[in-house]
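The values are calculated or read from the model by the stated rules, or taken from the named source; none is laboratory data. Only a predicted model underlies this, so the values are computations on that prediction, with no experimental measurement involved. Here Cβ is always computed from backbone atoms with ideal geometry, including for glycine, and neighbour counts include all displayed protein chains. Heavy atoms of the whole protein, side chains included, go into the accessibility calculation; ligands, DNA and RNA do not. Shrake-Rupley method; radii C 1.70, N 1.55, O 1.52, S 1.80 Å.
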Amino acid sequence: MSRDICVQTWPCSYYLELEKRWVPGRLSLTSLSLKFMADKTREILVSFPLSSIIEIKKEASHFIFSSITILERDRNKHWFSSLQPSRNAVFSIIEHFWRELLLSQSGAAAEASSSSVTKGKELTCLMTCTQKRLEDTARVLHHQGEQLDSISRGLDKMESDLDVADRLLTELESPSWWPFSSKLWKAPPETKPKWDTSVANSKAFGKEGIVIQVPAVISQRTESHVKPGRLTVLVSGLEIYNSDSLLMHRFEREDVDDIKVHTPYEISIRQRFIGKPDITYHLISAKMPEVIPILEVQFSKKIELLEVAMMLRSTETSSLAEKGYSVWHAASGLMDQAMHCESSSGSQEGRPLQLQTSEPVISEEDTQELGQILRKLKGLALDTETELERQDEALDGITAAVDRATLTIDKHNRRMKKLT
C-alpha cells in the first residue's frame, strides 16, 4: 500500500506572504505530507513533507482570527485560518500524524533510502508482517478456546445441578410413609471445582489479553470536538482511553454492532441501543493499518470496508502481486544469466575460465532470516491446526451436553407438572 494516501481534507484559507492576502481552498493531509489547493485556480500553492516540519502552533492572525502556523526547517512559516470543522480538530489530527512520523522507525530517512532496500529485505518485511498477523490470529483463537472450555465447565455444573433436582423430585414423588426416602440425601453430593469467573475476567482484561495498542485522535458525536487518546484491542473487546489514560468506553466483543473502515487510517465503531442514542466513536490513527487486519479477524461479520477502503485494498493486493512477480522475474533472470554463462564458457575452449560475478538479489543473511521466519510460520500453522481440531471436538461435546441438558430439563418439567 502506498503510504501517500489522503487522510483528511479541510476547507480553510492560506496566507500568501508575497501578495499579502488570504486565499480560500482546501488543506489535504496524507500520512507523509501536507498540501494546499486553491479553490478558484485548482493550483497547489504549497506542498511540503511532514518530516520537514519543526513546529506546529495555534496562533491568532491580527490578534483576532484563530490560525494554525507550521514552521519548516528552512524557516518558512505557513499560516492556515478559517479551518473547518474547527481549528482544534485540524490541529490534533495534523499533530498526531507529525508526531507518529517522527517517532516511527520508518521516518523520512527510511523513505529517502527506500530505493536502496534489497529484494531480500522487502521479502523479509513481508514475511515478518505475515508472521505478526498469524500470531495475532493464534492469540484470538486461543482466547476462543478458553471461552469454549468455560462453556464446557458451565455445562458440567448444570448437569450436577440437574442431578440434585432429580433427587429432589424423586423425594417429592415418593409417599410419606416410604422409609427410604431420607436415604436419598445420605450420599454426599459430587463436588466439582467451581470455575472462578473473576480469575477468568482478570486474565482476559489483563496484560495477557492485549493484542495491540495504538495512539489515536478520537471524536464521539461531532468531528469538531476531537481529543487525543489511545485505542486498545483486546481478545475480548475494545477499549478507548483519553490522553490521561482514563477509560472513556469499553466495547465488549458481542456489544460491537458494526465497524466501518472509511480509509486505512480512519474507522468508526458503533454500538446500537433501543430507545436511546447509539454509542459511536470515530478514530483516526497513523497506526490504523496495523489494527484493521486484527479487527477483520475478530469482527469478520461486523466490519465493513467502505468504497475508498475497498479501492485501496485492491491496490494493495495488486502491488504485492507485482512485488512478488518482480522478485521472481529477477531470480529467473539470474538463473538464465548463469545458464548462458555456463554454455558460453563451455564453447570457448583454450581460454581461461572467467566467472561473471554480480550482486545477488537476495543475500545469504536474508536467506537465513527468511528460513527462520518460514520455520516459525510452519510451527504457528501446525499449532493453529491442532487448536482448531481441539475446538471442533469441544464443540461436538458442547452440542451433546446441551442436548442432554435439554432432554433432562423437559423431563423434570413434566414431573413437576404432575406434582402440581
Fill in the blank from the handout: All conditions in (1) closer than 16 Å to Val217 by Cβ; (2) open to solvent by 10 Å² or more (accessible area, probe 1.4 Å); (3) outside any strand (DSSP E or B) are true of Val291 except (2)
Fill in the blank from the handout: Considering region 1-23, residues that are touching a Lys or Arg at 6+ places or on another chain (Cβ under 8 Å) and among the aromatic types (Phe, Trp, Tyr), and then whichever is surrounded by the fewest Cβ atoms within 10 Å (Cβ to Cβ), we arrive at Tyr15
Practice task
Hey, can you tell me all the residues within region 379-420 that are touching a residue at least 60 places away in the same chain (Cβ under 8 Å) and either aliphatic (A, V, I, L, M) or in contact with a Pro (Cβ under 8 Å, 6 or more places away or on another chain) (or both)?
Solution key: Leu380, Ala381, Leu388, Ala394, Leu395, Ile398, Ala401, Val402, Ala405, Ile409, Met416, Leu419
Problem - Among (1) at pLDDT below 90; (2) under 21 Å from the mean Cα position of the chain (by Cα); (3) not aromatic (Phe, Trp, Tyr), the one test that Asp336 misses - result: (2)
Practice task
Looking for whichever is open to solvent by 10 Å² or more (accessible area, probe 1.4 Å) and in a loop (DSSP other than H, G, I, E, B) here; the options are Gly229, Gly275. Which one fits?
Solution key: Gly275
Fill in the blank from the handout: Flagged in region 54-94 as touching a residue at least 60 places away in the same chain (Cβ under 8 Å) and assigned to a helix (DSSP H, G or I), in numbering order, are Asn88, Ala89, Val90, Ser92, Ile93, Ile94
Practice task
Name the single residue, out of those in region 32-53 being among the β-branched types (Val, Ile, Thr) and part of a strand (DSSP E or B), that is farthest from Ser104 (Cα to Cα).
Solution key: Ile44
Fill in the blank from the handout: Output for Cβ contacts, cut-off 6 Å, separation at least six or different chains, first residue without any contact (Cβ under 8 Å) to a residue 24 or more places away in the chain in region 8-25, second part of a loop (DSSP other than H, G, I, E, B), reads Gly25/Asp39
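Is it true that Lys260 is touching a residue at least 12 places away in the same chain (Cβ under 8 Å) and open to solvent by 60 Å² or more (accessible area, probe 1.4 Å)? Break it down into steps so the answer makes sense when it comes.
Values: touching a residue at least 12 places away in the same chain (Cβ under 8 Å): yes; open to solvent by 60 Å² or more (accessible area, probe 1.4 Å): yes.
Yes.
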Exercise for the section: From the list Glu122, Glu100, Glu111, pick out the single residue that is of a type in the set (D, E, K, R), at pLDDT below 80 and open to solvent by less than 60 Å² (accessible area, probe 1.4 Å). Expected result: Glu122
Exercise for the section: Considering each residue of region 24-47, count those that are at pLDDT 90 or above and open to solvent by less than 10 Å² (accessible area, probe 1.4 Å), and give that number. Expected result: 6
Exercise for the section: Considering only region 210-226, state which residues are part of a strand (DSSP E or B) and surrounded by 15 or more Cβ atoms within 10 Å (Cβ to Cβ). Expected result: Val211, Ile212, Gln213, Val214, Pro215, Ala216, Val217, Ile218, Ser219, Val226
Fill in the blank from the handout: By residue number, the members of region 366-381 that are open to solvent by 90 Å² or more (accessible area, probe 1.4 Å) and either touching a Cys at 6+ places or on another chain (Cβ under 8 Å) or aliphatic (A, V, I, L, M) (or both) are Leu374
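Being charged (D, E, K, R) and surrounded by fewer than 21 Cβ atoms within 10 Å (Cβ to Cβ) is the filter; apply it to region 263-272 and report the residue that is modelled with the highest pLDDT.
Arg270
Can we say Leu162 is more than 24 Å from the chain's Cα centre (by Cα), open to solvent by less than 60 Å² (accessible area, probe 1.4 Å) and more than 16 Å from Ile212 (Cβ to Cβ)?
It is true that Leu162 is more than 24 Å from the chain's Cα centre (by Cα), open to solvent by less than 60 Å² (accessible area, probe 1.4 Å) and more than 16 Å from Ile212 (Cβ to Cβ).
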